[in-house]
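Chemist: Before I ask anything, here is the structure I am working with.
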Amino acid sequence: MRRVITGNQAVAYGVILSRVDVVSAYPITPQTTIVEELSELIASGRLKTRFLKVESEHSAMAALIGASTGGVRTFTATSSHGLAYMHEMLHWASGARLPIVLVNVNRAIGPPWNIWGDQSDSVSQRDTGWIQLYCENNQEVLDTILQAYLIAETVRLPVMVVLDAFVLSHTAEPVEIPSIEEADSLLPPFCPDYPIDTQEPRSYSVITTPDYFLEFRYKVQKAMEEVPEVAKKVDDEFRSRFGRSYGAIERYGKKEAELLLMTSGTVTSTSRIVIKKLMEKGLSVAGIKIKRFRPFPSEEICEVIQGAKKIAVIDRNLSAGVGGIFAQELRASLYSREERPQVFGFVSGLGGRDITPALIEEAVQYTVEHPQPEGDILWLGLKK
Amino acid sequence: MGKQITFKRESEMPMISVSLGDMEWNKTGAWRTQRPFYEEKTPPCSAACPAGNDISGFILKTAKGDWEGAWNLIREENPFPGVCGRVCFHPCESKCNRGSFDEPIAIHALERFVADFAPRLSKKTGKAGEKRKEKVAIIGSGPAGMSSAYHLARLRYDVTVFESFPLAGGMLRMGIPSYRLPRDVLDRELSNIEALGVEIRTGISLGEHLKLEDLKDYQAIFLSTGAHRSRGLHIQGEKEKGVLSGLDLLKKMNLSKRIKMGEKIAIIGGGNTAIDVARSVIRLGKKATILYRRSREEMPAFEDEILEALEEGVKIRYLVNPIRVGQKDGPKRLECLRMELSEKDESGRRRPVPIPHSNLFIDADYVVIAAGEEIGASFLPEGAEKREGIVLTRRDGSTGIKGVFAGGDLASNQRTVAHAIGSGKKAAMAIDAFLQGKDAEEVIIQHLIGEGPSLSIFGYLHPGERLRNPHVVTFEELNMDYFEPAKRQGESKSAVKERIKGFNEVSSTLSEGVALEEAERCFGCGTCNECENCYVFCPDGSILKREELFSHQVDYDYCKGCGICFTECPRGAISLKEEAK
Amino acid sequence: MKKIEIPPEENLGHGHLACAGCGAAVAMRLTLKALGEKTVMVFPASCWSIVPGFWPYSSYRITAVHAGFVTGAATASGVRAALDVRGDDETLVAVWAGDGGTFDIGLQALSGAAERNEDLLYICNDNEGYMNTGTQRSSATPLLAWTTTTPVMQPKENPKKDIMAIMADHHIPYAATATIAYPEDLIRKLEKAKGIQGTRFIHLFSPCPPGWRMPSEQTIKISRLAVRSRIFPLYEIENGRTYTIQEESHVVPVKEYLKLQGRFSHLTEKDIETTQRNVDDTWERLQRRARC
Ligand SMILES: Cc1cc2nc3c(=O)[nH]c(=O)nc-3n(C[C@H](O)[C@H](O)[C@H](O)COP(=O)(O)OP(=O)(O)OC[C@H]3O[C@@H](n4cnc5c(N)ncnc54)[C@H](O)[C@@H]3O)c2cc1C
Ligand SMILES: Cc1ncc(C[n+]2csc(CCOP(=O)(O)OP(=O)(O)O)c2C)c(N)n1
Ligand code: SF4
Ligand code: SF4
Ligand code: SF4
Ligand code: SF4
Ligand SMILES: [Mg+2]
């Protein structure tokens, strides 16, 4: 079934098709239409999901932790301050190895108040032990949610599916919606490892001394390390059923290009147009879309950058004092390689400012013109 | 379960920190700096009972409805619960800890209840087993003699009691009137003693029919002849006809002899004998007036008895002292002096002094002198020393003559039934020790209740059983949080109108319901009654309840020594001591 | 004296790490007896994150879900939802939270759950301070008490928060106070709560010997004096409206309660009067609420 729907509606479809048992969420722009949509669906009886309309995001995640421990499939959506407010519980979910799926609609964190797109909210949760998957369009949003459950329930780690505020969340696009049967054939019911069973009482999340804490964290890391392979399998499976796949990253444009442009989210769509245009102008340039931010796809990136001299990264986020986080992560991935392209770290579009084709071109142009960047942060579109 | 679990490799560990075992391996007992332990202690009531009754023990059984058990427990120490429950002056009650809270437990009433109810359920009297070869002679069948006969029989001796009167029982039969002690009660308890194989030979008087030398066959002798000689007033006319001692009058009445005494009886004295005489006389339909030389406050008779006497119409004239019994025959005219009280004498009572020229006359048909009793010394064997009117004995009841022991009124100035019973028991233990070549004094000291002089034979008869603890529980050691004030339940008395018609018992035995209620009032000082407080409140689940144990047990593997059980035991049955390092 | 009857099952195992004489350990033992095995209990951070022991062990013989400090009521809501989805409406979902986790940091989540009338039995184990972290003040710490953050030079300036009034005004079906010196009352209330649907709240008062600077053997005594002095009256509120007060026949001045505890040893006669007035006022307020 093909319908023209917004990103947030795509999320709702993802939830329906994943047969989520328990939803718990708290409204925040630009996520609100997700909870509204779900409320409608549940109220109308079309969706048999328990929706806990809790009093905060912290409680939303806590409730899912309870529910997921209870052995059912869970979902929440949030954004910005809401995600930040959940922070403590994000750690808890991953430490407890609960396959919760969370949709975060990227939004700037105040002050000043700002409700528009900015990845700082999600990237600043990079150390919480969550898998993070960024989406470029509404189709990808829906597909990623289905994939997210499969990955999460395989490796027993929570997954954050990320989409841009408004550009996706509130913008309607044609989306192919699988039937519930198709979705079921992809996604089997959740089968917990340690379901609550009062016949065999256990304690969960028992306090652990230095004797074993390290080992539990080691296991989280090991699970993260399984993700590339698991995610690939899931993606392949998905392709075989639906004809669509996304990979951890996607390289597009010229083969063996000297200059690479790295983006994530909807900027990638704009970048595709710019790259195409510049290629036509004869530039040796290609694009890299980062879909999976956690675990960071270092190997996948390294496989596709042979011959590149420079990589321009556009970050719609800022870790003040360092710069854009994607650029930073890329630098870290390259460090151990013999062949290390120059990384040009552009920061742009914070707080929802458009990253226009012109700005992207400016970034590429700068990268072409400079043998090396004039600093760790290259401000793109800054009113100087 | 209960084992420690360790992991060498991360791969052996589960994915998450779910529990895999319990904490039983963690012996928190190691934290303990103080150690609680169950320790049965002595309640003050028991320490005060001259007969050595296990009071808290029998009341606990009573509260559980186990009357037979209660009865048997009393009879471990005292063969006369039915008698004591009626006539003992119950010093136990004045020491009862409950007295510091509201009112003391009606211990005597419960004792009486048990003695009256339990035998209806059980005819068992317990055989003593095969007799030993040693024989013991007992002179006098009062409570002292019969108590010692009872315990000696339980110690398997061949016991013969010689009694000068035609009937056994001593003062219980001859002195105490039957409206206070029905004879069937006495007979029942005496026959239970006889059932153990004790032979009572009545009508045989030591000194008269029998000499000490005639008792060569007996390896030990217990003298318990009581105090049967009435003290005189040493006034003119007291030896005349129409004047009789209180005790002699009571003896006559108790042997159902008819006495001509007219209508108006004057009784001189202020003790229990005087009251008993007055109340008996009233029951014969006559008028009784007691003449006492001090005031009401100094009267040695028991307050309750005085009150009952007054209720029944006995008149008491205070501060009058007869100096002469006038008229030889027929009605008497007593010449008396009025008295006033001066400062206290050595007995703590204010001394009466005559008011000069205050002579007055009191007319009576008959005069009874109840000025106290003395021991009869004539039959006393040589070698038995006397001092201050009693036969002198050592701590173990032995006299100066080897193998001859003495007790009861004969050897004590504390002349009560319970004391007599206690002294009989002491003699039994001492005689056994003597015959078995043990140190009698040592034996006695070992079995004192509290600090004594009350004595328990239980531990002596059942070696291996815990001895009574010298620790007597004080009120401060109890936890009053668990008790609500509750009215003391006493026996009911029949109406005065009914009482004076004859010699029927004045008070009646508690009913089952009332007895249970009263028994439940008992704190059970120092004795675990399985109230469960320790078990309920232990934060560490370290109080073990064991079916086979009466008391609970502390699980020292886990007890942290917090002391909660110690504090929350309402009755001080748990002690706390510093943990040995 | 009546024998205290409690259920025989022991659902708190031996070897746990509660301090000697811990009132909450008594409370836990009794509570788990009353609730039975078919219980999932959520534990936001408190002494009870540690007391049952370190991984791989636990002394709980019921299902225990440890949770973030803030999240007692929320985590439990999730567990309840999961069990409902699984079709299990028999298992009881309970929360055992400290006063910190209830009066303070967890109040929002609790209020949310209560307003939603989640089917939970929420037990606030009140030891009047953050004991797990070493006795800091909470909003349950009583007026003028010493804690490490309210030193004797400046003891707690504010009276204790009235959590029961707050809960009552959420109109939950059942709220009750209870304490360990009254085990049968506690068990009765737990059993009653167990039989009710919706959010049920038990304010459970548990003396803490180290935190209150009191001898460990006095735990029960102090619990009882709290009720007798009316600083912690026992009562129930049904539907936020119907009050039943379990009046203690022995009423004692609050001084009797205060004098056994080191955390009040700095109190002057005037301070004690102030406390007494505060107790009287609160009692008066309770009576007023109960009347209308
Ligand atoms: C009127 C009265 C009322 C009393 N009421 C109470 C009371 O209510 N409560 C209480 O506790 N106490 C009471 N007493 C005291 C109590 O009765 C005695 O303390 C107690 O009976 C002493 O017991 P006993 O065995 O030593 O002597 P007794 O009871 O006097 O027994 C001694 C026995 O020895 C016999 N006997 C004496 N001489 C000889 C001999 N030579 N040969 C053989 N047998 C001999 C006597 O006949 C008697 O049977 C009362 C005493 C009297 C007189
Ligand atoms: C968000 C958060 N803040 C602070 C803490 C530290 N902390 C853990 S337990 C606790 C105090 C608990 O107090 P209370 O709830 O009264 O329980 P108690 O330990 O007294 O039983 C604190 C402050 C924490 N775990 N989480
Ligand atoms: S014999 Fe006397 S003192 Fe002993 S228990 Fe009976 S009444 Fe009390
Ligand atoms: S309360 Fe009971 S045990 Fe305690 S002194 Fe009184 S009668 Fe004896
Ligand atoms: S209450 Fe329990 S832990 Fe405390 S001293 Fe008694 S047995 Fe030991
Ligand atoms: S600190 Fe207090 S509440 Fe915590 S375990 Fe110790 S005694 Fe119990
Ligand atoms: Mg606390």
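Chemist: Quick check on my filter: what residues within the range A:196-239 are over 27 Å from the mean Cα position of the chain (by Cα), open to solvent by 70 Å² or more (accessible area, probe 1.4 Å) and among the acidic types (Asp, Glu)?
Modeler: Selection gives A:Glu200, A:Asp211.
Chemist: Can I ask one more? Just give me the residues in the range B:204-229 being part of a strand (DSSP E or B) and surrounded by fewer than 20 Cβ atoms within 10 Å (Cβ to Cβ), in sequence order.
Modeler: To start, the set of residues in the range B:204-229 that are part of a strand (DSSP E or B) comprises B:206, B:210, B:220-223, B:229.
Correct list: B:Leu210, B:Arg229.
Chemist: Taking B:Leu455, is it open to solvent by less than 30 Å² (accessible area, probe 1.4 Å) and not assigned by TED's automatic domain parsing to the domain that holds B:Val161?
Modeler: On the way: open to solvent by less than 30 Å² (accessible area, probe 1.4 Å): yes; not assigned by TED's automatic domain parsing to the domain that holds B:Val161: no.
In short, no.
Chemist: Among the residues of the range A:363-384, write down those that are under 20 Å from A:Arg353 (Cβ atoms) and either of a type outside the set (Phe, Trp, Tyr) or not in a helix (DSSP H, G or I) (or both). Talk me through it step by step, then tell me what you get.
Modeler: Narrowing the range A:363-384 to residues under 20 Å from A:Arg353 (Cβ atoms): A:363-366, A:377-384.
Scanning the range A:363-384 gives A:Ala363, A:Val364, A:Gln365, A:Ile377, A:Leu378, A:Trp379, A:Leu380, A:Gly381, A:Leu382, A:Lys383, A:Lys384.
Chemist: Moving to a separate point now. Name the pairs: first residue in the range C:93-115 and away from every other protein chain (no Cβ under 12 Å), second residue surrounded by fewer than 24 Cβ atoms within 10 Å (Cβ to Cβ) and assigned to a helix (DSSP H, G or I), Cβ to Cβ under 6 Å, at least 6 apart or on different chains?
Modeler: That search, which allows pairs on different chains as well, returns C:Phe103/C:Ile163.
Chemist: Does A:Glu299 count as over 24 Å from A:Gln125 (Cβ atoms) and out of contact with any Lys or Arg (no Cβ under 9 Å at 6 or more places or on another chain)? Don't jump to the end; show me each part of the working.
Modeler: On the way: over 24 Å from A:Gln125 (Cβ atoms): no; out of contact with any Lys or Arg (no Cβ under 9 Å at 6 or more places or on another chain): yes.
No.
Chemist: Does B:Glu505 count as in contact with a Lys or Arg (Cβ under 8 Å, 6 or more places away or on another chain), within 14 Å of chain C (Cβ to nearest Cβ), closer than 30 Å to B:Val314 by Cβ and more than 16 Å from ligand 6 (Cβ to nearest atom)? Before the answer, list the steps.
Modeler: On the way: in contact with a Lys or Arg (Cβ under 8 Å, 6 or more places away or on another chain): yes; within 14 Å of chain C (Cβ to nearest Cβ): no; closer than 30 Å to B:Val314 by Cβ: yes; more than 16 Å from ligand 6 (Cβ to nearest atom): yes.
Here the answer is no, as B:Glu505 does not meet what is asked.
Chemist: Hey, can you tell me all the residues within the range A:38-61 that are buried (at least 22 other Cβ atoms within 10 Å of the Cβ) and either closer than 19 Å to A:Gly7 by Cα or not assigned by TED's automatic domain parsing to the domain that holds A:Thr74 (or both)?
Modeler: Of everything in the range A:38-61, just one residue is buried (at least 22 other Cβ atoms within 10 Å of the Cβ) and either closer than 19 Å to A:Gly7 by Cα or not assigned by TED's automatic domain parsing to the domain that holds A:Thr74 (or both), namely A:Leu38.
Chemist: Another one. If A:Pro174 satisfies every condition in (1) touching a Phe, Trp or Tyr at 6+ places or on another chain (Cβ under 6 Å); (2) assigned to a strand (DSSP E or B) but one, which is the exception?
Modeler: The number of the failed condition is (1).
Chemist: Something else: Can you tell me how many residues within the range B:232-263 are among the charged types (D, E, K, R) and open to solvent by 100 Å² or more (accessible area, probe 1.4 Å)?
Modeler: From the range B:232-263, those among the charged types (D, E, K, R) are B:238-241, B:248, B:251-252, B:257-258, B:260, B:263; that's our starting set.
Then keep just the ones that are open to solvent by 100 Å² or more (accessible area, probe 1.4 Å); that gives B:239, B:241, B:257-258, B:260, B:263.
Number of matching residues: 6.
Chemist: Can I ask one more? C:Ala178: in contact (Cβ under 8 Å) with a residue 40 or more places away in the chain and touching an Asp or Glu at 6+ places or on another chain (Cβ under 9 Å), yes or no? Walk me through how you get there before you give the answer.
Modeler: Working: in contact (Cβ under 8 Å) with a residue 40 or more places away in the chain: yes; touching an Asp or Glu at 6+ places or on another chain (Cβ under 9 Å): yes.
Judged against the criteria, C:Ala178 is a match.
Chemist: Quick one: would you say B:Ala418 is part of a helix (DSSP H, G or I) and under 18 Å from B:Ala153 (Cα atoms)? Please lay out each step first, then the result.
Modeler: Working: part of a helix (DSSP H, G or I): yes; under 18 Å from B:Ala153 (Cα atoms): no.
Judged against the criteria, B:Ala418 is not a match.
Chemist: Let me ask another. Among residues belonging to the range B:96-113 that are open to solvent by less than 10 Å² (accessible area, probe 1.4 Å) and within 14 Å of chain C (Cβ to nearest Cβ), point out the one that is farthest from ligand 5 (Cβ to nearest atom).
Modeler: Residue satisfying both the conditions and the ranking: B:Ile105.
Chemist: Do you know which residues across the range A:9-21 are more than 24 Å from C:Arg80 (Cα to Cα) and open to solvent by 10 Å² or more (accessible area, probe 1.4 Å)?
Modeler: Within the range A:9-21, A:Gln9, A:Tyr13 qualify.
Chemist: Got a sec? Which helices (runs of 4 or more DSSP H) wholly within the range C:174-239 have at least 3 residues that are surrounded by 20 or more Cβ atoms within 10 Å (Cβ to Cβ), more than 16 Å from ligand 1 (Cβ to nearest atom) and within 14 Å of another protein chain (Cβ to nearest Cβ)?
Modeler: Numbers: elements: C:183-194, C:209-212, C:219-228.
Here the list reads C:183-194, C:219-228.
Chemist: Restricted to the range A:295-310, and to residues that are over 18 Å from the mean Cα position of the chain (by Cα) and not in a helix (DSSP H, G or I), which residue is surrounded by the most Cβ atoms within 10 Å (Cβ to Cβ)?
Modeler: A:Ile305
Chemist: Testing C:Thr282 on (1) exposed (fewer than 15 other Cβ atoms within 10 Å of the Cβ); (2) out of contact with any helix residue (DSSP H, G or I) (no Cβ under 7 Å at 6 or more places or on another chain); (3) touching a residue at least 12 places away in the same chain (Cβ under 8 Å), one condition comes back false. Which one is that?
Modeler: (1)
Chemist: If you don't mind, there's one more thing I want to ask. Quick one: would you say B:Asp276 is open to solvent by 40 Å² or more (accessible area, probe 1.4 Å) and in a helix (DSSP H, G or I)? Full working, then the answer.
Modeler: Numbers: open to solvent by 40 Å² or more (accessible area, probe 1.4 Å): no; in a helix (DSSP H, G or I): yes.
The answer is no for B:Asp276.
Chemist: Does the range B:473-494 include one or more residues that are in contact (Cβ under 8 Å) with a residue 24 or more places away in the chain and among the small types (Gly, Ala, Ser)?
Modeler: Initially, the range B:473-494 is screened for residues in contact (Cβ under 8 Å) with a residue 24 or more places away in the chain, giving B:473-475, B:477-483, B:485-491, B:493.
From what is left, the residues that are among the small types (Gly, Ala, Ser) are B:486, B:490.
Checking the range B:473-494: at least one residue is in contact (Cβ under 8 Å) with a residue 24 or more places away in the chain and among the small types (Gly, Ala, Ser).
Chemist: Go through the range B:254-272 residue by residue and tally those that are aliphatic (A, V, I, L, M) and modelled with pLDDT under 90.
Modeler: Of the range B:254-272, the ones aliphatic (A, V, I, L, M) are B:255, B:259, B:261, B:265-268.
Next, from what is left, pick out any that are modelled with pLDDT under 90: B:255, B:259, B:261.
Here the count works out to 3.
Chemist: Now a separate question. Output the number of residues of the range C:21-51 satisfying the condition of being in contact with an Asp or Glu (Cβ under 8 Å, 6 or more places away or on another chain), within 16 Å of ligand 5 (Cβ to nearest atom) and either farther than 23 Å from C:Thr91 by Cβ or at the interface with another protein chain (Cβ under 7 Å from one of its Cβ atoms) (or both).
Modeler: Residues flagged as in contact with an Asp or Glu (Cβ under 8 Å, 6 or more places away or on another chain), within 16 Å of ligand 5 (Cβ to nearest atom) and either farther than 23 Å from C:Thr91 by Cβ or at the interface with another protein chain (Cβ under 7 Å from one of its Cβ atoms) (or both) within the range C:21-51 amount to 3.
Chemist: Regarding A:Ser24, is this residue at the interface with chain C (Cβ under 10 Å from one of its Cβ atoms), buried (at least 24 other Cβ atoms within 10 Å of the Cβ) and without any contact (Cβ under 8 Å) to a residue 60 or more places away in the chain?
Modeler: On the way: at the interface with chain C (Cβ under 10 Å from one of its Cβ atoms): yes; buried (at least 24 other Cβ atoms within 10 Å of the Cβ): yes; without any contact (Cβ under 8 Å) to a residue 60 or more places away in the chain: yes.
Yes.
Chemist: What number of residues in the range B:279-302 are assigned to a strand (DSSP E or B) and either open to solvent by less than 20 Å² (accessible area, probe 1.4 Å) or of a type in the set (Asp, Glu) (or both)? So that I can check it myself, show each step before the final result.
Modeler: Narrowing the range B:279-302 to residues assigned to a strand (DSSP E or B): B:287-291.
Next cut, either open to solvent by less than 20 Å² (accessible area, probe 1.4 Å) or of a type in the set (Asp, Glu) (or both) only: B:288, B:290-291.
Qualifying residue count for the region: 3.
Chemist: Tally up the residues in the range A:246-294 that are assigned to a loop (DSSP other than H, G, I, E, B) and either within 18 Å of the chain's Cα centre (by Cα) or among the hydroxyl-bearing types (Ser, Thr, Tyr) (or both), please. Reasoning before the result, please.
Modeler: So the first thing to find is which residues in the range A:246-294 are assigned to a loop (DSSP other than H, G, I, E, B), and the list is A:246-248, A:254-258, A:264-266, A:281-284, A:291.
With either within 18 Å of the chain's Cα centre (by Cα) or among the hydroxyl-bearing types (Ser, Thr, Tyr) (or both) added as a condition, the list becomes A:246-248, A:264-266, A:284, A:291.
Total meeting the criteria: 8.
Chemist: State the number of residues belonging to the range A:62-85 that are under 27 Å from A:Gly117 (Cα atoms) and open to solvent by 10 Å² or more (accessible area, probe 1.4 Å).
Modeler: 3
The values are calculated or read from the model by the stated rules, or taken from the named source; none is laboratory data. Since this is a predicted model, take the numbers as computed values, not measurements. Virtual Cβ from ideal backbone geometry, glycine too; neighbours counted across all protein chains shown. Remember, those area values only see protein heavy atoms, side chains included, never the ligands or the DNA or RNA. Shrake-Rupley method; radii C 1.70, N 1.55, O 1.52, S 1.80 Å.
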